[in-house]
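Q: Got a structure here, written out as structure tokens. Questions coming.
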Amino acid sequence: MRWLALPLLLMASAVAPAAAAAERPSVLLVTIDTLRADRVSSYGHLRQTTPSIDALLAAGRRFTNARTVEPLTAPAFASMLTSLHPHGHGLTRNGLAARSNLVSFAGLMGRRGYRTAAFVGNWTLRDELSGFGEYFDVYETVLTRKRWFGLYKREATADDVNAAALDWLAEHRASEPGRPWLLWVHYTEPHAPYRLQREYLDQLGLKASGSFFAPSKRYDSEVAFADDRLGRLLAQVEKADPGGDRLTVFLSDHGESLGDHGYWGHGRHLYEDTLWIPLGFTWPGRIAPGAVEAPASILDVSPTLLGLVGLPAPPHFRGFDWSGVLLDGAEPPEGRVTLHQAHRAAVEPQEDNTRLRRRGLLEVARVAGGRKEVFRPAKRRRWVHDLVEDPDELSEPLRQAEPSPELARWLAEVREGLAAADDLPPPTLTDEDIQALRALGYID
């Protein structure tokens, strides 16, 4: 199928000359799990949750209208890496692996002279589950702490992830100082269980008295914690590579419902509280500061990164290359339409392994011109939201309805891709995997 085509020209260019690689910037990609855009101060949150993120984005180009393709961690990051929708790369639910041998921006950069590494702190991103390890020279899931009230030693704080990433960067700088690097760092905070980070209460304007804090306030304290660790990481990277030619990319995989629409968590619905994400590209001296208001997608990260470092993107990538807009002031695309899908959160231990992807589909959506249409096939429910007049998406669904022709075509494409994935190997979840996925709220 279209997304499996690996152009021979791309495969033939295994390694660029050292001189050409040395002229390209190093790339730091930082992602924060479950971060709602509207809980970032520069996106309108009244609490001062994110001074480090705000400063980073103010120094570059901030996208005000970016969305993920699916509000689940592993599927969203598979789309970030490969610029394919979930039904294309096959990783539609946590616990399933992406198709093997897909083209990713990390793999292409590695073949063109970059040294690549990823340090991530979320169990669902383990290479044994996601298959992401094939894209990087070094891929490490940092699992050193017990975040879930001491019960499960299968996550890491941002401190642990920073330490692992900085150790790798120091080794790289010592062994290959002239070679550009690509480093992906992913923090688990503020993913549930929203631990209270008391050291940030004054910053957030919250009183320190009492032992109970609403989940929403605990969530904000976790955002502040992750933001502070991002600031420390940026400072240490600058110390390790002072004045280096460096492009920094920041985003989240998806948001969090926090009780909106009577729902806690993420993944099962396509409301803006889980689709809308912060996104920005910062490259001092190359990308002028400012904001981009045109619609963007997590699919755009791959082609844009490649465009910024001067590498061609494969023609089958589904995202848009913003490098011309960011570097040369080109006009954003007009009439951009973004497409989305929601699936059951994870593979259940007792599930039949046949048609796992097809049976997991919950919703599809289409966003165009400030209008969002959502369709839930199993219940034949259709929502139409005017995101300008009704930003909280309070309009009631139409029952026993049919999708518009445009959304029906998208649903048909998604279903075709899911059916084509029936021949992929079934997941091999260990008891420990199941325990971790249940602890993260993905298995009931």
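The values are calculated or read from the model by the stated rules, or taken from the named source; none is laboratory data. Computed from a prediction, not measured in an experiment: that's the story for all the values here. Cβ sites come from the backbone with ideal geometry, for glycine too, and all protein chains shown count toward neighbours. These accessible areas exclude ligands, DNA and RNA; they are computed on the full protein's heavy atoms, side chains included. Shrake-Rupley method; radii C 1.70, N 1.55, O 1.52, S 1.80 Å.
Q: Return the residue satisfying two criteria in turn: it lies in the range 53-76 and is open to solvent by 30 Å² or more (accessible area, probe 1.4 Å) and not charged (D, E, K, R), and of such residues it is nearest to GLN341 (Cα to Cα).
A: ASN65
Q: Go through the range 283-294 residue by residue and tally those that are among the hydrophobic types (A, V, I, L, M, F, W, C) and outside any loop (DSSP other than H, G, I, E, B).
A: Here the count works out to 2.
Q: Tell me yes or no: at least one residue of the range 418-437 is over 22 Å from ASP127 (Cβ atoms), of a type outside the set (A, V, I, L, M), open to solvent by less than 70 Å² (accessible area, probe 1.4 Å) and modelled with pLDDT of 90 or more.
A: No.
Q: Among (1) open to solvent by less than 40 Å² (accessible area, probe 1.4 Å); (2) assigned to a loop (DSSP other than H, G, I, E, B); (3) of a type outside the set (Val, Ile, Thr), there is one condition LEU305 misses while meeting the rest; what is its number?
A: Failed condition: (2).
Every residue, every condition in (1) open to solvent by 30 Å² or more (accessible area, probe 1.4 Å); (2) over 18 Å from THR338 (Cβ atoms); (3) free of Cβ contacts under 8 Å to residues at least 60 places away in the same chain, yes or no:
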{"position": "GLY369", "(1), (2), (3)": "yes, no, yes"}
{"position": "PRO391", "(1), (2), (3)": "yes, no, no"}
{"position": "PRO397", "(1), (2), (3)": "no, yes, yes"}
{"position": "GLU402", "(1), (2), (3)": "yes, yes, yes"}
{"position": "PRO405", "(1), (2), (3)": "yes, no, yes"}
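Q: Does GLY280 satisfy being open to solvent by less than 10 Å² (accessible area, probe 1.4 Å), part of a loop (DSSP other than H, G, I, E, B) and either under 16 Å from GLY60 (Cα atoms) or in contact with a Pro (Cβ under 6 Å, 6 or more places away or on another chain) (or both)?
A: no
Q: Another question, then. Have a look at ALA214, ALA226 and point out the one that is buried (at least 22 other Cβ atoms within 10 Å of the Cβ), of a type in the set (Gly, Ala, Ser) and either touching a strand residue (DSSP E or B) at 6+ places or on another chain (Cβ under 8 Å) or over 23 Å from LEU72 (Cα atoms) (or both).
A: From the options ALA214, ALA226, the qualifying one is ALA226.
Q: Please determine whether any residue of the range 254-274 is basic (Lys, Arg), in a loop (DSSP other than H, G, I, E, B) and touching a residue at least 60 places away in the same chain (Cβ under 8 Å).
A: Yes - at least one qualifying residue is present in the range 254-274.
Q: Of all helices (runs of 4 or more DSSP H) completely enclosed by the range 80-164, which ones contain at least 1 residues that are touching a His at 6+ places or on another chain (Cβ under 8 Å) and modelled with pLDDT of 95 or more?
A: 86-89
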